[in-house]
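Down below is the structure, laid out as structure tokens.
The values are calculated or read from the model by the stated rules, or taken from the named source; none is laboratory data. Since we're looking at a predicted model, the values are computed, not measured. Ideal geometry is used to build each Cβ from the backbone, glycine not excepted, and the neighbour counts take in all protein chains shown. Ligands, DNA and RNA are excluded from the accessible area calculation, which covers all protein heavy atoms including side chains. Shrake-Rupley method; radii C 1.70, N 1.55, O 1.52, S 1.80 Å.
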Amino acid sequence: MGKNFLKKGGIRYAIRVELILLLALGCVAMSRELTDRWNDSAKQGGGSEWVSDTGEAIEVSAEGNYIKWVEFHVTCEAMAAAYELDVETYGKAMHLNWIELLAYVGAKTGGKFDQNSVKKINEVAAKLQNGETTMDELTQDMEYYDYYLEAYTAVLDGMVGEFSLKEGEEWQKYYGLKAFSPIAKGFDYSHYDDFGSSRSYGYSRPHLGHDMMGQIGTPVVAVESGVVEALGWNQYGGWRIGIRSFDGKRYYYYAHLRQNYPYAEGLKEGDTVTAGDVIGYMGHTGYSTKENVNNIEVVHLHWGLQLIFDESQKEGNNEIWIDCYELTKFLYRNRSEVAKIGDTREWRRTREMADPEVEKHCKKDTSMIQ
């Protein structure tokens, strides 16, 4: 009986091993078939597949030929170095474009930025300024440069350029950073890189924004000029504001605004705002289907930046939100100074700024109406 038992056990074991091997072979075959279908689909769509160093597809330009995924890991130090070179060379024969410099390093490193990135930016800038080469020559054989240029342009375009500041009764023209920190000058806050951390209200989901902890009533300002696209209550974000850049590529989201008095007076959907304008006030509303409820434990501003390469990405499963921690650190260098209006709860910027893009947008709207 013992021998028969062992014999039966051996047969069972052999059968199990054979089944496991067949299952493994089946998985390999299925994986190859899916991969072939994926690549064929991309080819039929007339696009190309961009792959990160981890092997993940970060962009597939099929069916509409637009970017599907962006990871923005540019450090504050790299942005500052490229920005300063851009400003220093403005108006000169060789004007260095800060986004092109960042895209070059991104393409060289697979989007990874570290302590050596500033050195790489300065090295390529020196070659360009000395006339040793051109950006076209440097990047002609770089397979992913075009992707990084388009992706980084989507994030940073509109933040640097010409603008005017009112000084007394006169307007003075400048070139430089015309985007602002979302927290007004003189108001303290704390923050850390919390992008992707878990959130559980309603359903389990990653945190697709950047939290800046401060005091109730802290003035919140527009990072970039644009059009107010959304205004009102959302059970997740509480009182919130959504502002779209004029080129349509960036959607700025400001959430958990103050209870009872969340917005700058008179602000409404469809309004055009200039970067640095006070648009609302920090609070802790949200996490409630009922309006005007403080269910967020910590007072903070949640601000997010969504990239939109195609309108189908605005809402749904194809949304692209980026990590704004390093960008927030970079924008700290430009904080809008504000002053309280009498005995009201209103704050206004103390220095008027004229953004040419605002003027262009307003003229365009006027011509369309006519």
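Of note:
- Residue check for E319: farther than 21 Å from E359 by Cα, surrounded by fewer than 22 Cβ atoms within 10 Å (Cβ to Cβ) and touching a helix residue (DSSP H, G or I) at 6+ places or on another chain (Cβ under 7 Å): yes
- Scanning segment 52-71 for residues that are in contact with an Asp or Glu (Cβ under 6 Å, 6 or more places away or on another chain), at pLDDT 50 or above and of a type in the set (A, V, I, L, M, F, W, C) returns I67, W69.
- Failed criterion for N292 (all others in (1) farther than 30 Å from E359 by Cβ; (2) out of contact with any Gly (no Cβ under 9 Å at 6 or more places or on another chain) hold): (2)
- When restricted to residues that are open to solvent by 90 Å² or more (accessible area, probe 1.4 Å), farther than 13 Å from L165 by Cα, assigned to a loop (DSSP other than H, G, I, E, B) and not acidic (D, E), segment 335-353 contains 1.
- The lone exception for D194 - which of (1) of a type in the set (D, E); (2) part of a loop (DSSP other than H, G, I, E, B); (3) open to solvent by 10 Å² or more (accessible area, probe 1.4 Å) it fails: (3)
- Condition broken by I308, with the remaining ones in (1) closer than 30 Å to L149 by Cα; (2) of a type in the set (V, I, T); (3) surrounded by fewer than 19 Cβ atoms within 10 Å (Cβ to Cβ) satisfied: (3)
- In a residue-by-residue description of segment 202-214, the property of being open to solvent by 60 Å² or more (accessible area, probe 1.4 Å), free of Cβ contacts under 8 Å to residues at least 40 places away in the same chain and hydroxyl-bearing (S, T, Y) applies to at least one position.
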